[in-house]
Amino acid sequence: CGSPIVTVSLANSQLQAHLGAKYAAFVDACEVLDDDYNAKSRAMDRVVGQVRPSRKGSALDANIIEHYFGLGGELRHIGLGQPFVFVSSNTEDYCEAGALHADLTVEFRALGLAYTSTLPWATKALGL
């Protein structure tokens, strides 16, 4: 509103190189989960029953959360006690009235998992 937006080029800058290195380190540290057909089945149950995070016939978030629950359950079963935090900015499907939706609360609590929509909260909760 009256003041121009200034665009700063990061091409070939030290910041671009620094952020590129951080991104590469992050991606290198990630693990890709194998498809879990039981999780996919539970996800479809969510879709059919319109249970959060699936509300509009979309299976994507249901598949993601069921794989998260499956992995969290396996890690808890082998005794891993560290905090787990699920981060999604999709508050429309995961939350209601500013808190985790009741459709998800029981499963999160049963596995000792936390939810947040912001990475800063997650890093603080994980002690990073």
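Among the residues making up the range 41-74, a single one is out of contact with any helix residue (DSSP H, G or I) (no Cβ under 6 Å at 6 or more places or on another chain), part of a helix (DSSP H, G or I) and among the polar types (S, T, N, Q): 41. The set of residues in the range 26-45 being farther than 17 Å from residue 107 by Cα and surrounded by 10 or more Cβ atoms within 10 Å (Cβ to Cβ) consists of 33, 36.
Criterion applied to 70, 49 was being out of contact with any strand residue (DSSP E or B) (no Cβ under 7 Å at 6 or more places or on another chain), loosely packed, with under 15 Cβ neighbours inside 10 Å and of a type outside the set (Ser, Thr, Tyr), and the one residue passing it is 49. Scanning the range 1-15 for residues that are at pLDDT 75 or above and open to solvent by 90 Å² or more (accessible area, probe 1.4 Å) turns up 12, 14. Within the range 13-40, the set of residues being in a helix (DSSP H, G or I), touching an Asp or Glu at 6+ places or on another chain (Cβ under 9 Å) and not aliphatic (A, V, I, L, M) comprises 38, 40.
The values are calculated or read from the model by the stated rules, or taken from the named source; none is laboratory data. Bear in mind that the values here come from a model prediction, so they are computed numbers and not experimental data. For neighbour counting, all protein chains shown are included, and Cβ atoms are generated from backbone atoms with ideal geometry for every residue, glycine included. Accessible surface areas use protein heavy atoms only, side chains included; no ligands, DNA or RNA. Shrake-Rupley method; radii C 1.70, N 1.55, O 1.52, S 1.80 Å.
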